[in-house]
Structure formats: C-alpha cells, structure tokens
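Presented below is the structure to which this report refers.
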Amino acid sequence: MASAFSHALVALAMGKVSGHPVMDLRALGLGVLCAVLPDIDVIGFGYGIQYGDLWGHRGLTHSLVFAVLLSAGLVAVCYRRESGAVRAGMGLYLFLCAASHGILDALTDGGLGVAFFSPFDTTRYFFPVRPVAVSPIGIREFFNEQGLYVLASEAKWIWLPTAALFVTFRALKVVCVRINAR
Ligand SMILES: [Zn+2]
C-alpha cells in the first residue's frame with residue numbers, strides 16, 4: 001500500500017482541481033473514503049485470508065470492478081435527488097478516486113501486485129516503474145523510521161507530482177476562461 005495520507009491527497013486534489021461548486025465537503029469526504037477504503041482488505045489477515053487470495057490484500061477491493069460498484073453505490077445513496085449530470089460527474093469522480101488507489105499501489109516497490117481485473121482475472125499487476133517505497137501494513141509499524149522513509153518517498157513521487165498537476169490544470173483553466181471571455 002501507499003499510505004492513507006497519499007491516497008487521500010490524490011482524491012482531494014482531483015476533487016478541488018475542477019473548482020466546481022458540487023465539490024463540497026461531502027463530495028470530497030466521499031472521494032477520500034473511496035480512495036482509502038480498498039485497504040480495508042487488511043482485516044482479512046486476522047481471519048486467515050492469505051495476501052494472494054481473491055479477498056487478500058490488493059485483491060478484489062483494489063479492482064476496477066470494486067471501484068465501479070463502490071462509486072455507483074455511493075452515488076445511488078448520496079446523490080439520488082441530484083440531476084443526471086451531477087450524478088454522472090460524481091460517479092466519475094468517485095470511480096477515479098477508488099481506481100487511483102490501485103494505481104498508486106502498483107507504483108510501490110513491495111508486496112504483491114494489484115488485482116486490477118479481479119474477479120475475472122486474479123493476476124496481480126505492477127507498473128514497470130515502481131519508485132514509491134511501500135508503506136508498512138499496520139499503524140504501529142508506520143510510526144517509526146520506516147514511516148518517515150515512506151513519507152519522504154511519497155512526498156517525492158506522489159505529493160510533488162500531484163501538486164504540479166494540480167497547479168498546471170488550474171492555470172490552464174484560468175487561461176481557458178480568459179480566452180473564452182475575449
Ligand atoms: Zn492498497
């Protein structure tokens with residue numbers, strides 16, 4: 001896993017980059033939930049589920065199918081009274097938040113890969129380039145020197161690129177608005 005901080009940061013950045021008023025606290029909170037929830041699978045370790053199992057860590061809850069079901073379910077419950085456009089936009093945002101989790105995990109240098117296509121294909125995948133130091137499983141293990149090392153790695157490979165993309169997209173939006181205003 002990448003740390004929950006980085007998963008949450010990416011969700012917040014994706015939510016705020018549009019500047020759309022629908023991206024209120026509730027929307028951002030749901031985005032963060034979608035981005036961190038896939039790691040709920042770690043509780044399976046306590047019940048004898050092995051890392052490489054269907055329900056193991058980085059298994060089904062890290063898949064694109066899970067991202068679709070989670071985002072669609074949350075939109076159906078939390079945005080049922082909104083317009084079709086808002087529901088479609090929120091569905092896409094929440095899906096991207098949930099899917100971003102597996103993408104970040106597949107960039108880490110440890111553990112097993114991510115079962116992006118589970119349950120249809122349970123193969124675990126990594127990206128060819130994996131610069132992000134893997135975060136330890138467990139809160140106690142995180143708050144020591146290893147945690148600092150992981151955060152430094154994530155700052156370099158996740159936080160800085162996220163901030164750079166955020167500033168770039170916001171600047172492009174300002175430019176587009178100015179061109180359209182002429
Ligand atoms: Zn994960």
Among Leu54, Gly91, Gly138, the residue whose Cα sits farthest towards the positive end of the charge dipole of the chain (+1 at Cβ of Lys and Arg, -1 at Cβ of Asp and Glu, taken about the Cα centre) is Gly91
How tilted is helix 25-36 with respect to the longest principal axis of the chain? Cα atoms for both, answer in degrees (0 to 90, nearest 10). 30 degrees
Dipole of region 4-181 (Lys/Arg Cβ +1, Asp/Glu Cβ -1, origin at the Cα centre): which of Gly110, Ala67, Ile179 lies farthest to the positive side? Ile179
What is the helix-to-structure angle for 64-78, meaning the angle in degrees between its Cα long axis and the longest Cα principal axis of the chain, kept from 0 to 90 and rounded to the nearest 10? 50 degrees
Taking R0 as 30 Å, what's the FRET efficiency between Leu148 and Lys16 from their Cβ-Cβ distance, rounded to 0.05? 0.65
Magnitude of the Cβ-charge dipole (Lys and Arg +1, Asp and Glu -1) of region 39-100 about the Cα centre, nearest 20 debye, reported as 280 debye
The chain: angle of helix 4-17 to the longest principal axis, Cα-based, in degrees nearest 10: 20 degrees
Sites Val167 and Arg130, calculated FRET efficiency, Cβ-Cβ separation with R0 25 Å, nearest 0.05: 0.45
With +1 on each Lys and Arg Cβ and -1 on each Asp and Glu Cβ, and nothing else charged, work out how big the dipole of the chain is about its Cα centre, in Debye to the nearest 20. 920 debye
Cysteines without a disulfide-compatible partner in the chain, using Cβ under 4.7 Å as the rule? Cys78, Cys176
State, in angstrom, two size descriptors of the chain derived from its alpha carbons: Rg to one decimal place and Dmax to the nearest whole number. 17.4, 64
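A short reminder: the numbers here are calculations on the coordinates, not readings from a lab. Bear in mind that the values here come from a model prediction, so they are computed numbers and not experimental data. Glycine gets a Cβ as well: all are built from the backbone with ideal geometry, and neighbour counts include every protein chain shown.
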